[in-house]
């Protein structure tokens, strides 16, 4: 941790000194329009960066802060002010067709400073690029395209954070490539990386919970299963229709041998996801949706508390209702938005009763957002949520009003 | 001017939202519709202990790293008692190995409780060949503090082991030995070194401390300083939960409120209450008991309505599973408290799973499964008119 902070400090001081010694006019700002059409796999580079003079690195980042007041079944914790995260990007073009990008996230509530992405990209051909380092497994779209300022909602989608592990990254290597043909784009990614462990079915959430594996930092050094997690994705985009992505992530997740001695059966994890996004012509309505299915090998002698099947997803509809100069900002936009969410953490039936297992959630979240610039969003949402426990008892009902700001810098 | 107006409108809207946000959330259910929650009048210190116990009971999920198992039934207290209500067949536990009051002959083979689940990489326990068994659905927790404070003298006053009043109903206490860590109640009445137990389907647990320590150990596989013997290895190991946490959970159980009867003024409910007396249900399901002294004001020297006598009764061969505990016979069961019965479906997945093993799927079916000493009441119930049956069921659902 100290090393990380020292490195960051050195980078920032170097940038500051470099800036102090040069004409500010030399600061080159890449004001990437985060709404522009590209594949989700491009999200890591589709960010605004600032280059300082001839310094070989470009810097960027974003932050998210919220206020919320939520209550469940009449019980509220009152007003909550939350600084969710600040993320720093450091990108560098090392040489011709050799790039490096890193993403470092600070989450004060989690007391966590984490490297989410730090990979070297080597382009051999547009259809064949090598990537190695700390890679972000391309399962679904949100995992790669999760920057706060890109979304009209203060919360990340529940299925993508509480069922799939959002910002799930691992040490690994792989290939990716893209092909363009007039209106068509095709992209693929394929990685072998470190992966999950037993915590996905043995955790304090009392459910099969893939995000539990994020707490295991040992995966960056030693994998629990000793077998690679494979992640692959193909995506196709037509500029007038939209983008659809199909992805898979799977492998053996548990520690089945130790010191060469077999201590458990091998158990697999398989995740399938589909994502889609489009912008309707004329109305400019932006729709993005994602759905995932998870199959986890859970021992039959363990508890059905931990499901072997999960599914869930979300759909966002964003409708710009006003785009004009507002309060001195050119082309500022006001959007109306609504998110629909569903997660079933335990798909199946109880052995004892042959009745459906609950552990599911529904949520609808209308909202309004104001974007003075594409990279900055001020947003307000109202969440209505219903959640059933494992036994399908009457659901608990939650309502939350949220206000937040998020911006690239 | 227009800009200023926009800013003023925005600020005004913001203030309105801030002021009204607490009213935008879902309303709290009525207190009478919930089983959980503390008794009234706890001191601040008691409220803190209650909350600490609440968190340990409902939120503390055990994992292999924190001591779960190796073999177990559930991963947390709350798994079996959703909302402090009755349990579900999913968390119904199995006990085996004792056929009479001479004790359990299968203790050396893992008795009395079956841990039917195991952490990954291990095999769960199996019922040994030749052992009889019974399944127990987890009971509701509410009001247990009141029941703990009923004096032994009051329990003995309700007992009629020789049926001296010739009403066909006896009622006997379950006497048992106390574990080393249990201190007898001040009101305890000893009999040849044994004490009246009152909790559990067979009244085999003496106090809430006894019950809690057993449940941590036998249900979750968690050892404590009170009971350090691991259920899998049967060896003493280091405590996997702090003594403070066990004590907090015991306090939480003691301070849970008693269920509140609903629709008390409904004439049909009142009629059902009279039918309940008329067909002698109240002979065992005693409507009113009283507590002794307690440091918790709301529990101290009060009357309450649990609808139990805390005694064992012969329930007939239909409910005789061939397994027992303590000095109870295999066909004897402790009268379960009926309070909270109408809210059972809120914790049992939307339907009833009644009787000791959840075999009855309705209150009517549960009544019809009564045998032994309760045969007379069951027959009277069968002879009731439809209106009378409906009134009785409505009364029971109001509890």
Among the residues of the stretch B:264-283, is any over 30 Å from residue B:391 (Cα atoms) and either surrounded by fewer than 19 Cβ atoms within 10 Å (Cβ to Cβ) or touching a strand residue (DSSP E or B) at 6+ places or on another chain (Cβ under 7 Å) (or both)?
no
Given the criterion out of contact with any strand residue (DSSP E or B) (no Cβ under 9 Å at 6 or more places or on another chain) and surrounded by 15 or more Cβ atoms within 10 Å (Cβ to Cβ), identify the matching residue among B:187, B:210, B:197.
B:187
Would you tally the residues in the stretch B:312-327 being out of contact with any helix residue (DSSP H, G or I) (no Cβ under 6 Å at 6 or more places or on another chain) and closer than 18 Å to residue B:285 by Cβ?
2
Among (1) more than 9 Å from chain A (Cβ to nearest Cβ); (2) in contact (Cβ under 8 Å) with a residue 40 or more places away in the chain; (3) surrounded by fewer than 19 Cβ atoms within 10 Å (Cβ to Cβ); (4) within 30 Å of residue B:351 (Cβ to Cβ), residue B:35 falls short only on (3)
With the structure loaded, tell me whether residue A:269 is within 14 Å of chain B (Cβ to nearest Cβ) and under 21 Å from the mean Cα position of the chain (by Cα) or whether it fails that test.
yes
Can you confirm whether residue B:54 is within 11 Å of chain A (Cβ to nearest Cβ) and touching a residue at least 12 places away in the same chain (Cβ under 8 Å)?
no
Only one of (1) within 30 Å of residue A:185 (Cβ to Cβ); (2) free of Cβ contacts under 8 Å to residues at least 60 places away in the same chain does not apply to residue A:277, and that is (2)
Answer residue from the stretch B:116-132, given it is surrounded by fewer than 20 Cβ atoms within 10 Å (Cβ to Cβ) and under 21 Å from residue B:318 (Cα atoms) and is nearest to the other protein chains (Cβ to nearest Cβ) among those:
B:132
Those residues that are in a helix (DSSP H, G or I), surrounded by 17 or more Cβ atoms within 10 Å (Cβ to Cβ) and within 17 Å of the chain's Cα centre (by Cα), I need them from the stretch A:208-233; list them, please.
A:210, A:211, A:212, A:213, A:214
If the requirement is being in a strand (DSSP E or B), within 14 Å of another protein chain (Cβ to nearest Cβ) and either buried (at least 19 other Cβ atoms within 10 Å of the Cβ) or free of Cβ contacts under 8 Å to residues at least 40 places away in the same chain (or both), which of these qualifies: A:71, A:60?
A:71
What single numbered condition from (1) surrounded by 14 or more Cβ atoms within 10 Å (Cβ to Cβ); (2) at pLDDT 75 or above; (3) under 28 Å from residue A:68 (Cβ atoms); (4) within 12 Å of chain A (Cβ to nearest Cβ) fails to hold for residue B:13?
(1)
Return the total of residues in the stretch A:389-406 being closer than 22 Å to residue B:29 by Cβ and more than 10 Å from chain B (Cβ to nearest Cβ).
1
Test result for residue A:313, within 14 Å of chain B (Cβ to nearest Cβ) and buried (at least 16 other Cβ atoms within 10 Å of the Cβ):
no
Out of the residues in the stretch A:389-400 that are surrounded by 22 or more Cβ atoms within 10 Å (Cβ to Cβ) and in contact with a helix residue (DSSP H, G or I) (Cβ under 8 Å, 6 or more places away or on another chain), state the one that is nearest to residue A:148 (Cα to Cα).
A:390
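Yes/no per residue for (1) away from every other protein chain (no Cβ under 14 Å); (2) farther than 24 Å from residue A:132 by Cβ; (3) more than 19 Å from the chain's Cα centre (by Cα); (4) not in a strand (DSSP E or B):
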site	(1), (2), (3), (4)
A:77	no, yes, yes, no
A:80	no, yes, yes, no
A:85	yes, yes, no, no
A:90	yes, no, no, no
A:94	yes, no, yes, no
A:99	yes, no, yes, no
A:102	yes, no, no, no
A:106	yes, yes, no, no
A:109	yes, yes, no, yes
Any idea which residue in the stretch A:316-339 is nearest to residue A:155 (Cα to Cα), counting only those that are within 12 Å of another protein chain (Cβ to nearest Cβ) and touching a residue at least 40 places away in the same chain (Cβ under 8 Å)?
A:332
Any residue in the stretch A:90-104 that is buried (at least 17 other Cβ atoms within 10 Å of the Cβ) and under 27 Å from residue A:387 (Cβ atoms)?
no
Selection from the stretch B:57-100 of residues under 12 Å from residue A:305 (Cβ atoms), free of Cβ contacts under 8 Å to residues at least 24 places away in the same chain and either more than 8 Å from chain A (Cβ to nearest Cβ) or assigned to a loop (DSSP other than H, G, I, E, B) (or both) yields B:61, B:63, B:78
Return a yes/no flag: does the stretch A:156-177 have any residue that is in contact with a helix residue (DSSP H, G or I) (Cβ under 8 Å, 6 or more places away or on another chain) and either within 14 Å of chain B (Cβ to nearest Cβ) or part of a helix (DSSP H, G or I) (or both).
yes
For residues that are surrounded by 19 or more Cβ atoms within 10 Å (Cβ to Cβ) and at the interface with chain B (Cβ under 9 Å from one of its Cβ atoms), scanning just the stretch A:351-388, find the one that is farthest from residue A:68 (Cα to Cα).
A:357
Determine, yes or no, whether residue A:19 is away from every other protein chain (no Cβ under 14 Å), modelled with pLDDT under 50 and either assigned to a loop (DSSP other than H, G, I, E, B) or out of contact with any helix residue (DSSP H, G or I) (no Cβ under 8 Å at 6 or more places or on another chain) (or both).
yes
For the stretch A:252-265, does any single residue satisfy the condition of being out of contact with any helix residue (DSSP H, G or I) (no Cβ under 8 Å at 6 or more places or on another chain), more than 11 Å from chain B (Cβ to nearest Cβ) and closer than 16 Å to residue A:164 by Cα?
no
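The values are calculated or read from the model by the stated rules, or taken from the named source; none is laboratory data. Because the structure is a prediction, the values reported are computed rather than measured. Reconstructed Cβ throughout: ideal geometry from the backbone, glycine too, with neighbour counts over all protein chains shown.
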